[in-house]
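*Asks:* Dropping the structure in here first, questions after.
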Amino acid sequence: MLYDFKQDRKGKPQPYNANGYFQLVKAFADKKFGASEMKGYFQAPQQMNFTFLAVPLLAAEEGPKAFAVEKDVQPRGWLVHYTGMVTPPENGEWRFVGYFDDLLAVYINGEPGDGFSPSWLTPVRPGMECKHTVVRK
């Protein structure tokens, strides 16, 4: 699901600043990413479903385009929230690897994954190290 913090749920422009973006995302995370926390913001009508997720490095314009809202959502101040179930093909140790700009949060069973402390909510700088989490089945 793609949400735009620059618009209310009906598409009316809302006050927005980049520093406030991180506080909005933190509030969403603090509520365990519950959809009700985002009800006041614009939500792309198109959802995305998949069985495998690998997003290459892309320009910020590509996020809204993937949800068919590129004419309605500027390439900043938006958030994509993915949720689902992970089913490893066999027992063992599995690693999630993420590379991001701005921020990335990985929660497993409603908690930040190993290696993702609450301090994840920090703007990143180019060249920052990737974070990862390990899951054991």
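The values are calculated or read from the model by the stated rules, or taken from the named source; none is laboratory data. None of the values given here were measured: they were computed from a predicted structure. A quick note on method: Cβ atoms are made from the backbone with ideal geometry, for glycine too, and the neighbour counts reach across all protein chains shown. To get the accessible areas, we keep the full protein, side chains included, count just its heavy atoms, and leave off ligands, DNA and RNA. Shrake-Rupley method; radii C 1.70, N 1.55, O 1.52, S 1.80 Å.
*Asks:* State the answer as a single residue: which of Ala105, Thr87, Phe52 lies farthest towards the positive end of the charge dipole of the range 25-113, with beta carbon charges of +1 for Lys and Arg and -1 for Asp and Glu, about the Cα centre.
*Replies:* The listed residue farthest towards the positive side: Ala105.
*Asks:* Also: A 24 angstrom limit on the alpha carbon distance is what I want to check against. Which of Lys31/Lys65; Lys32/Lys65; Lys6/Lys65; Lys12/Lys65; Lys31/Lys71 exceed it?
*Replies:* Lys31/Lys65; Lys32/Lys65; Lys31/Lys71
*Asks:* Under a point-charge model restricted to the Cβ atoms of Lys and Arg (+1) and Asp and Glu (-1), what is the dipole moment magnitude of the range 1-76 relative to its Cα centre, in debye to the nearest 20?
*Replies:* Roughly 240 debye for the range 1-76.
*Asks:* Here is a follow-up. Quick one: pull the percent of accessible area on the range 1-77 belonging to carbon and sulfur, 1.4 Å probe, ligands and nucleic acids left out.
*Replies:* 52 percent
*Asks:* So between Gln74 and Glu93, what do we pick up on full extension, going 0.36 nm a residue minus the alpha carbon distance?
*Replies:* So the chain would gain 2.9 nm between Gln74 and Glu93.
*Asks:* On to the next question. For the range 1-120, report the accessible area per residue in Å² (1.4 Å probe, heavy atoms, rounded to an integer).
*Replies:* 70 Å²
*Asks:* Another question about this same structure. If you take the square roots of the eigenvalues of the alpha-carbon gyration tensor of the range 1-45 and sort them as a ≥ b ≥ c, do you get rounded (a/c under 1.5), prolate (a/b over b/c) or oblate?
*Replies:* In terms of gyration-tensor shape, oblate.
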